[in-house]
1. So which residues in region 169-185 are in contact with a helix residue (DSSP H, G or I) (Cβ under 9 Å, 6 or more places away or on another chain) and exposed (fewer than 12 other Cβ atoms within 10 Å of the Cβ)?
2. Give me the residue from region 138-168 that is aliphatic (A, V, I, L, M) and open to solvent by 60 Å² or more (accessible area, probe 1.4 Å) and, out of that set, nearest to D82 (Cα to Cα).
3. Which residue out of I130, I125, I102, I86 is at pLDDT 95 or above, over 19 Å from the mean Cα position of the chain (by Cα) and open to solvent by less than 40 Å² (accessible area, probe 1.4 Å)?
4. For S107, state whether it is surrounded by fewer than 14 Cβ atoms within 10 Å (Cβ to Cβ), at pLDDT 95 or above and farther than 19 Å from T203 by Cβ.
5. Can you name the residue in region 120-168 that is in contact with a helix residue (DSSP H, G or I) (Cβ under 9 Å, 6 or more places away or on another chain), among the aliphatic types (A, V, I, L, M) and touching a residue at least 60 places away in the same chain (Cβ under 8 Å) and, of all such residues, is nearest to V31 (Cα to Cα)?
6. Would you call L25 at pLDDT below 85, aliphatic (A, V, I, L, M) and open to solvent by 60 Å² or more (accessible area, probe 1.4 Å)?
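The values are calculated or read from the model by the stated rules, or taken from the named source; none is laboratory data. Please read all numbers here as calculations on a predicted model, not as lab measurements. Positions of Cβ are backbone-derived with ideal geometry, glycine not excepted, and every protein chain shown enters the neighbour counts. What goes into the accessible areas is simple: the full protein's heavy atoms, side chains included, and nothing from ligands, DNA or RNA. Shrake-Rupley method; radii C 1.70, N 1.55, O 1.52, S 1.80 Å.
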Amino acid sequence: MSAKECGHHGKGHNKFRRRLLFGILFFILIVLITVLLIWAILRPSKPRFILQDTTVYGFNASVPNFLTSSFQVTVSSRNPNDRIGIYYDRLDLYATYRNQQITPRTSLPPTYQGHKDVNVWSPFINGNMIPISPDFSTSLSSEQASGSVFLIIKIDGRVRWKVGAFVSGRYHLYVRCPAIITFGSKFNGVIVAQNAVKFQFVTRCSVSV
């Protein structure tokens, strides 16, 4: 084979490679545009969380600057989407008082939530002698003496959306559920066991994704 023929042969291979690469990139572009169009049309809505009830097994702020508490909370989540599923890859639940965490995080098991499905969790969260700031300790004692303590049950997690065979990347999930624990003359709970009081809320939580 002459040098001229070899040159033409090499050019043919290069041309074929460029066409193949162009074809692959074009196919990927079409797939991405299709996914984005489906995503824009379906417009996934955030899951809706509700704090149904909180059972208090212990709430002791008698030691200055420390709080011991034990709760069981029932939280439900509903997927409002018709054609989009939700993967809950991580969900950590804990209680806070004035933005200060008063219980360690409790991890909920990863799960998949189908279209219009509802999931319910009832985990325990406990904090033993958790340090709180002196200012918060004073206000907590004051609120408890007045008959009500305002807490926030928080859930932090990571979610993915599923549209057909397509699964999105991970998104941060932040859920905030208000809960009011009452004492004394303002007590409105139900005694369900020895040293256990259930407060029924059915409170809608704020959700950010």
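1. G184
2. Filtering region 138-168 for residues that are aliphatic (A, V, I, L, M) and open to solvent by 60 Å² or more (accessible area, probe 1.4 Å), the one nearest to D82 (Cα to Cα) comes out as A165.
3. Numbers: I125 fails: over 19 Å from the mean Cα position of the chain (by Cα); I102 fails: over 19 Å from the mean Cα position of the chain (by Cα); I86 fails: over 19 Å from the mean Cα position of the chain (by Cα).
Exactly one of I130, I125, I102, I86 is at pLDDT 95 or above, over 19 Å from the mean Cα position of the chain (by Cα) and open to solvent by less than 40 Å² (accessible area, probe 1.4 Å), namely I130.
4. The answer is yes for S107.
5. V163
6. Numbers: at pLDDT below 85: no; aliphatic (A, V, I, L, M): yes; open to solvent by 60 Å² or more (accessible area, probe 1.4 Å): yes.
When the stated conditions are applied, L25 does not pass them.
Matching residues to (1) farther than 30 Å from T138 by Cβ; (2) at pLDDT 95 or above; (3) of a type in the set (A, V, I, L, M, F, W, C); (4) in contact with a strand residue (DSSP E or B) (Cβ under 9 Å, 6 or more places away or on another chain):
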site: S2; (1), (2), (3), (4): yes, no, no, no
site: C6; (1), (2), (3), (4): yes, no, yes, no
site: L20; (1), (2), (3), (4): yes, no, yes, no
site: L32; (1), (2), (3), (4): yes, no, yes, no
site: P47; (1), (2), (3), (4): yes, yes, no, yes
site: L51; (1), (2), (3), (4): no, yes, yes, yes
site: N60; (1), (2), (3), (4): no, no, no, yes
site: N79; (1), (2), (3), (4): yes, yes, no, yes
